[in-house]
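Note sheet for the following structure.
Nothing in this text is a laboratory measurement; each read-out follows from the coordinates by a stated rule. Everything numeric in this text was worked out from a predicted model, so none of it was measured. Counting neighbours? That spans all protein chains shown, and the Cβs are built from the backbone with ideal geometry, glycine included.
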Amino acid sequence: MKYAYYPGCSLSSTGIEYDMSTREIAKVLGIELWEIPEWNCCGASSAHLTDHLLALALPARNLAIAEEAGLDVAIPCAACYARSKATEVAVNESEEMKKTIQEVIERKYEGKSKARALLEIIGESVQGDHIKERIHILLTGLKAACYYGCLLVRPASTAFDDPEDPQSMDQLLHLFGAETVDWSYKTECCGASHETSAKPEIGISILQKIFIAAQNAGANCLVTACPLCMNNLDMRQIEVEKYFSTKYNLPVFYFTELVGLALGIEPSKLGLNKHFVDAMPLVQEVLNRKGGEQA
Amino acid sequence: MKRVGVFVCHCGTNISGTVDCAQVAEAAKDFPNVEYSIDYKYMCSEPGQEMIKKAIEEHKLNRIVVASCSPRMHEPTFQNCVERAGLNPYYVEMANIREHCSWVHPNEKEGATEKAIDLVRMAVAKAVRNQPLQKTTIPVTDRALVIGGGIAGIQAALDLANAGHVVDIVEREPSIGGKMAQIDKTFPTLDCSACILTPKMVDAAAHPNINLLTYSEIEKVDGFVGNFDVTIRQKARSIKMDVCTGCGICMEKCPVKVDSEFELGLAKRRAIYTPFPQAIPNKPVIDREHCTYFLRGKCGICSKLCPAGAVDYTQQDELLTRRYGAIIVATGFELFDYSVYGEYGYGKYPDVITGLQFERLINASGPTMGKLQRPSDKKEPKNIVIINCVGSRDEAKGKSYCSRTCCMYSAKHASLIRDKIKDSNVYVFYMDMRTPGKGYEEFYDRSREQYGTQYIRGRVSKIYPLNDKLIVRGEDTLLSQPVEVEADLVILATAMVAQPDADKLAQKIGIGYDKDNFYTEAHPKLAPVETHTQGVYLAGACQGPKDIPDSVAQASAAAAKACGLLSKPEILTEPIVTEVDEKTCAGCGTCLLICPYKAIDLKTLTERIAGEIVERKVATVNEGLCQGCGACTVACRSGSIYLKHYTDEQILAEVNALCL
Amino acid sequence: MSSVELTSLKAKHDAEIQKLTEQSGVDASKCYQCGKCSAGCPVAFAMDYPPRAIIRFLQLGLLDQALRSKTIWLCAGCHTCSVRCPKEVDIATVMETLRILAKKKGYIGDKNIDLFHNAFLKSVERNGRVYEAGLVLTRNLFGRQFFRDTGHGLPMVQKGKISMLPHSIKDNGEVKKIFENVRKRGGNV
Amino acid sequence: MSVNEALDQKTPTENLENWQPKILVFACNWCTYAGADLTGLSRLQYPATVRILRVPCSGRVNPQFVIKAFQKGVDAVLVCGCHPGDCHYTTGNYFTRRRFLLMRRLMEYIGMEPERLQASWVSAAEAQKFQQLITEVTEQIRALGPNRKLRDVQWEQWNN
C-alpha cells in the first residue's frame, strides 16, 4: 500500500519519535509513505478558532498535492487528522465550499484524496496471518491504558472507531501480545490545547484524573496516537507529580513505538530513549522476557 | 330525468360575509338539470332541513346539492335529511364554500363568489351522475380475540367476557401477566403489583367465556370486520397440559440452568420451567433451545420423574384457525436497550441496572428475596443514583418521545429504597418532572419531603467505575455547575419502546404503526382505541407509552368498542367500494397486487361464446374487505374496475364543470 | 441581580443570532437545557459559564453575554459535548463560531490564549510551518510569563525535540497566498 | 389562423393583466382535504385561484384526469395526499408518487412546463403548509402565464 504521508509540524520537533517509529514500522509492514513535498502546517489548533475558511484552506493544500499524486493521506497526529478530515468532509458536502476553497488555495482539490488516521491504516495492515511471521517479540507484561484522546474518533459522523469506547488501538496491541486495560478515560480530553497555549493550571487537574484512572485500572503505561497528548502526558507528568506530591511513573508510548518494538526494531531507532518519563526500564523488562517468550 | 335542487347556506355571516350567496343561487339556476335553487341563513338548522324536504316534494327533486361547510362536518346531516324525504342518501353532493372559500378569501369577495359558483357547478355535475347506493350487511361472529396477556389484554378480555362474549387470549410467553407481573409496587399508591394483578389473572383463567392460549403466536390474519380468520401457532410446550398437575418436581431436578427472562438475568431458571411461581397456567414448558434432551438426545430426567407422565418430547407446534368478530391488540412494550450508550458503559457495568431489574431486586419474591443488594458484590448500596430519560427524549441515540411513566416510577424507586435502607441517599437526575396524573404530583412531593430524595436537574454525561464505586457526572443546571456522585448503584429509567416485532404483527393484521413502531389509532383524540382497520382495536402500551391506570382504562374502552360490534348479529358496511365490470375484465390480476386490503381475488367464469363453453378468470371484490381507496381503478388497464360514488365519469364531470 | 428584559433583547439580536445559526449550521433552539454537555466538558470547572448556559444565552438573545464569556475561549474543542448531545446540537462548533465572532468584535476573553493563536498563525504564514521554539519564546515574551516551560526547554533540545532554527518550506509563496486570499474574502486573520 | 392567434383570440391580451390562474387540486379525503378544512378553520388566507376536488385517496387520481384538466384549460394541477407512510389506505400515496414522476416526464416530453403539475404531501394538521403551497404555486403559475399547450382550442383548430 502507498500513502501520501503528512507528518505535520509536531512530528519534526516535539513528536520526533512518533515520526521515527512510523517510518520504521511502515518499512517492515510494507507500507510505502510518500512525504507530501513542501507540506504546510494544517493550522491546528489555532486556525479554526480564528477563521473558518482559513481552517479549511490550510489542510486543503496538502490534500490537493496528495490528490494530484492519486494518494490518500496517512496522518499520524490526531489534531492534524481532525482538521484535514474536516476539510475533506466540507469539500464533499458542498459544491460551493469546494469552489471557494479551490479559489483560496489556487489549486484543485476535489475531495477525492481522503484524510486517514495512521492508527486506522496500521490496524488494517496487520490483519491476516502474514503478520504472525513478522512478530519478533511479544509485548508480554505490558498493561497498556490506550489513550485515544479527544480528536481521533470525533465527530461521531466521520469517526472510524467508537467515540466513547474505541477499540482499534487495543486490538492492535493485543495482536502483539500486550494486555490492555478497560478504562473510561480513553477519549477524555487531556487539555493539550491549553497546555500548549497559556492555561497550564487547567491542564494539570485534567491530567491528574487521567493518570489516576490509568493507575486504578492497573495499567503500567499509557499509549497514545497524538503528539499533543504525548507531550502533555509525558512532559507534564513530572510537573503534575510535583504539584500533587505523588508519583505515577507511567511511561507513555506512541502505539507505533510498541508496534516497532514487537517487530524487532531497535529501541533507539524508534526514539524510545527520547521520553521524559523514562520508558527504558519497562522496555528492557519486555526485552528481557524475549528469551522465554519469543514469538 | 335528473332534477337537481341547489341549496346555498349563509352560515350566518360565515359564508355570506364574503360570498354573495344570492348570486351563487341565481347562477346555479342556469346549470344543466338544475330545477330549483335557493339561499338560506342556516341550511343545517331544523327550518333549513325542512326547506330541503319541502323542495324535494314540491319540485320533484331527485339530486340535492348543498353549498355550505365541509362535508366532513355536515354530510351525514344532509344525507339523513334527504333520506327522510325518501331519497337515497348518496344523491346528496356538497360544495364546500366555507372552509375552502369564504374563510380563506375574506379579502377577495369577487374571487370568492366566482369560486363558490365554480364549486357548485362541479357539485351539480357530480350529483347528476350520483347513483343510489345501498349499505349492505355482513354477519358478525360473536367471538373476540385479544392478542397479548398483560394487564391490558386481561382487562379487555374480562370486560368482554363479563358482557357475555367468548374471548380467546393469545399470549406468546408461557404465562399471562406481562410486565406488570415483574413489577414490585405500583405508583402512586404503592400497592403490591402482584396482589392486584394475580387475582385478575386467576379470574381470566377461571372465566367460562375466556380461553387462554399461552405460548402461542399469531401466524396469519385473514378476513375482515366481523369475520377475521386468524391462524394461531400453539408452540410445542412438550407438556401434556391436561395431564400435568403443576407439582414442580421436574423443575427442581432439571440439571440445566439458564438466565431467567422473568428475572432479567438476575437469577437462573431451569430448561423446564414456569416463568414465575404465580404463573398462569402454572404448568411448565420445556425450553428446547437449552434442554439437554433436545440438544443431545440424552437426559430425560424430567420425563422419568414426572409422576403424571405429562412430559412429551414429541409434541409439535400446532396451527389453529378460528373466526373472530373483533380483535383487540394489547401486545405491550419492551424496554429500551441502553447498551447504545458508551458514556453509560455500554451495558458492561454490573452495578448499572434498569428500573425493571430494580423491581426484581426489591421484590420479596425476587432473586434476593427483596433484600436490596447490588449485583456485583452483593453489598447493600448506600448511595444510589437514578437517571431519568435514558433513551427517552433523545433524538441522537434513543427515541424522541417522552416515555410518560419514568418520572413516576423513579420517584417510586427512590421511596422504596429509603424504605428499605434508612441511611441511604438517593439522587435522581431528571430533566423535567412530569407528573400529570391523579395523586402523582403529591407522590413526587412525598418522595422529596418524606423520603429525602435529592433531585438534580440535568442529564448525566458519564458513568465510570472508580475502585468499587461508580462516578456519576452530571450538571446541576439549576446551580450551573458540574456535579459528581460516588454511587454504589445506578438505576436507569429506560424508555418504553415498541415490541421488536411490532411492525411484523401490524402487517399481518393490517393496521398502521408510527415511526417508532407503536400502533396508530384511527384518530388521536376522537378514536383513540380504534384502528383504521374496522373491527381491530388497541389497548395498552402497544399504542404508545402508558402506565397501568391508562392501560386499564384503554383496555376497557377497547372492550366497549368491541362489545358494540359483537352485540349485533350483523353490521352495515359502507357502500363506497369498487365493483368489477366482468364483461371487460381480462383477469390480468394487476388489481390484486395493488390492493392493500387483499380485497380482490380472481374467480372463474363459465360462459358460452359462439356455442362453445369457455372458462375465463375475472377479478372479484370482497365488499367486506374493500375500504374504497380506488387505487385499483387507476391501475386497471381496461378500466374494468370502478369505485362507486367516485367513478371516472363522475370525477371527469367535475373537471369539465370547473372549466366551463 | 438585575433582571433581564427579554422582549427588546430578542428584537435587537434576532438577526445576528440568525446569522450565527447559518454560519455554524447549528440551531440553538433545539437545545432543551439538559446539561449533558457541561457535565462531560473537561474544562467546565474553569469556565465562567457552563457550555449549556452559552446556548441558553443564544436562545434568549443574550448575544453579548455569550461573546464576552471566558467559556468560548476556554473550550478545548474536544467535541465530547457534541458527541453526547441528545438533541444533536453541535455545541463545539457553536463555541468555535462564537469565538471567531468575538475576535472580530474585539472581545478578547483571554489575552494569553489569543496571543498564542496569533503568534501561531503568524509563524505559519511566515514559514509555512510552525516553529515551536520561536512560538514558546514569543508567547512568553508577550504573555509576560518569561520563565514558563524553561524547565522543559533544555531537555527538549538535548533530546533533539526542539531545534533552534525555524522549520520552513522552501517557497512559502503558496501559503502566504492562502492567507491573502482569506483576507480578501473578509477573513479576520 | 395559427394556433397562437387562435389562443390570443380566446384570451385577449388586454385581459392578461387581470388574468388569474385556475388551479385544480386533487385532495385526498383523509389528509389534504382535512388540512384544507383546517386552513379555513384557522382563517389562513390564500389566493382564490384553486378549486379543490375531493377524492378518497391520492392514489385514486388517474393520469387521465390530469390530462383532461389541462385540455379543458386548467393552468395547473396539484395532486395532494397524506405524507408517504401515513396513507389512510397504507400504500395509496406510494402509487401516487410513482405515477406522478411518470406524468411529470410526460409533461416534459410534450414540452409543457413541469411546474404546471405538482405533487405535495399535506397532512390534516398542516394548515400553514397548505396555505404556503397554494400561495407559492399561484405565484409560479402567474409567472408562467396561461396554459396554452394542451387546450382543446388547439385540437379544435386542427380538426377544422
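If you take the Cα centroid of the range C:43-103 and the Cα centroid of the range B:191-263, the two points sit 56 Å apart. Projecting the Cα atoms of A:Leu29, A:Ser125, D:Gly145 onto the charge dipole of the protein assembly as shown (Cβ charges, centred on the Cα centre) puts A:Leu29 farthest toward the positive pole.
Would you mind checking B:Lys179/B:Lys371; B:Lys240/B:Lys283; B:Lys382/B:Lys420; A:Lys108/C:Lys177 for any pair whose Cα atoms are more than 18 angstrom apart? Where the Cα-Cα span goes over 18 Å, the pairs concerned are B:Lys179/B:Lys371. Normalising the average separation of contacting C-alpha pairs (under 8 angstrom, six or more residues apart) by the number of residues puts the relative contact order of the range A:2-119 at 29 percent. Dipole magnitude for chain A: about 360 debye, using +1 per Lys or Arg Cβ and -1 per Asp or Glu Cβ, origin at the Cα centre.
Using the Cβ-Cβ distance between D:Leu101 and B:Glu219 with R0 set to 45 Å, the FRET efficiency from 1/(1 + (r/R0)^6) comes to roughly 0.75.
Note that chain B carries a Kirkwood radius of 29.4 Å, evaluated over its alpha carbons pair by pair.
Between the amide H of B:Ala310 and any residue lying 5 or more places away or on another chain, no distance stays under 5 Å, with hydrogens modeled in the peptide plane. Quick one: grab the alpha carbon gyration tensor of the protein assembly as shown, order the square roots of its eigenvalues as a ≥ b ≥ c, and give me rounded if a/c is under 1.5, else prolate or oblate depending on whether a/b is larger than b/c. Judged from the Cα gyration tensor, the protein assembly as shown comes out oblate (a/c at least 1.5, b/c at or above a/b). Quick check: the distance between the Cα centres of the range B:270-306 and the range B:46-66, to the nearest angstrom? Distance between centres, Cα-based: 74 Å. Put a dot 7 Å past the Cα of B:Leu572, heading toward its Cβ, do the same for A:His130, and the two dots end up 8.0 nm apart. Taking the square roots of 5 times each eigenvalue of the Cα gyration tensor of the range B:527-660, largest first, gives ellipsoid semi-axes of 39, 21, 13 Å.
Net charge within 9 Å of A:Ala115 by Cβ-Cβ distance, Lys/Arg positive one each and Asp/Glu negative one each, not counting A:Ala115 itself? Summing Lys/Arg as +1 and Asp/Glu as -1 gives +2. Mean residue ellipticity at 222 nm, helices only, the protein assembly as shown: -11500 deg cm²/dmol; runs of at least 4 DSSP H residues each add -39,500 (n - 2.57), and the sum is divided by the number of residues. An oblate overall shape is assigned to chain A, the ratio a/c of its alpha-carbon gyration tensor axes (a ≥ b ≥ c) being 1.5 or greater and a/b not exceeding b/c.
Please give the Cα centre distance for the range B:457-518 versus the range A:34-85, rounded to the nearest Å. Here the two parts' Cα centres lie 39 Å apart. With neighbours defined as other Cβ atoms within 10 Å of a residue's Cβ, the residues B:His165, C:His13, B:His100 order from fewest to most as C:His13, B:His165, B:His100. Across the range B:324-332, computed HN-Hα scalar couplings (Karplus, 6.51 cos²θ - 1.76 cosθ + 1.60, θ = phi - 60°) run 10, x, 9, 10, 10, 9, 9, 8, x Hz from first to last residue, x flagging Gly and Pro.
Neighbours of B:Ala123 by Cβ distance under 13 Å: Lys/Arg scored +1, Asp/Glu scored -1, total +3. Peptides A:33-41, B:287-295, B:140-148, B:605-613 ranked from most to least packed, by the mean per-residue count of other Cβ atoms within 10 Å: B:140-148, A:33-41, B:287-295, B:605-613. Listed values for the range C:24-31 are Karplus-derived 3J(HN,Hα) couplings in whole Hz (6.51 cos²θ - 1.76 cosθ + 1.60, θ = phi - 60°), namely 7, x, 10, 9, 5, 5, 5, 5, and x replaces Gly and Pro. Once you have a ≥ b ≥ c as the square roots of the Cα gyration tensor eigenvalues for the range B:13-146, tell me rounded if a/c is under 1.5, and otherwise prolate or oblate according to whether a/b is larger than b/c. Since a/c reaches 1.5 and a/b is larger than b/c, the shape of the range B:13-146 is classed as prolate. When only Cα pairs below 8 angstrom with a gap of at least 6 residues are kept, the range B:336-421 shows a relative contact order of 20 percent. Peptide C:101-111 is shielded by partner chain Cβ atoms: per residue, an average of 1 of them sit within 10 Å of its Cβ.
Counting, for every residue in D:29-42, the Cβ atoms of other protein chains within 10 Å of its Cβ and taking the mean gives 4.
Taking the fewest neighbouring Cβ atoms within 10 Å as the starting point, the ordered list for A:Glu164, B:Glu217, A:Glu110 is A:Glu110, B:Glu217, A:Glu164. Within the shell defined by Cβ-Cβ distances under 13 Å, the residues around D:Gln132 carry a net charge of -2, with Lys and Arg each +1 and Asp and Glu each -1.
In order along the range D:85-93, the Karplus-derived 3J(HN,Hα) couplings, from 6.51 cos²θ - 1.76 cosθ + 1.60 at θ = phi - 60°, round to x, 10, 4, 4, 9, 6, 10, x, 6 Hz, and Gly and Pro are given as x. With contacts taken as Cα pairs under 8 Å and at least 6 residues apart, chain B reaches a relative contact order of 13 percent.
Around the amide H of A:Cys221, modelled in the peptide plane, lie the amide H atoms of A:Lys143, A:Ala145, all under 5 Å away and 5 or more residues distant in sequence or on another chain.
Peptide B:474-484 shows a mean partner chain C-beta count of 6 within 10 Å per residue C-beta. For the set A:Lys98/C:Lys10; B:Lys2/B:Lys598; A:Lys112/C:Lys184; A:Lys85/C:Lys87; A:Lys2/A:Lys269, the pairs lying more than 31 angstrom apart at their alpha carbons are A:Lys98/C:Lys10; B:Lys2/B:Lys598. Counted by neighbouring Cβ atoms within 10 Å, the residues B:Met51, B:Met201 run from fewest to most as B:Met51, B:Met201. What's the FRET efficiency of B:Asp30 with B:Asn80 using the Cβ-Cβ distance as r and R₀ = 22 Å, to the nearest 0.05? In this case the efficiency is close to 0.15. Taking the three principal axes of the alpha carbon atoms in the range B:334-497, the coordinate ranges are 37, 36, 34 Å, sorted in descending order.
Extension gain, B:Lys298-B:Lys2: 0.36 nm per intervening residue step, less the Cα-Cα distance, totals 98.2 nm.
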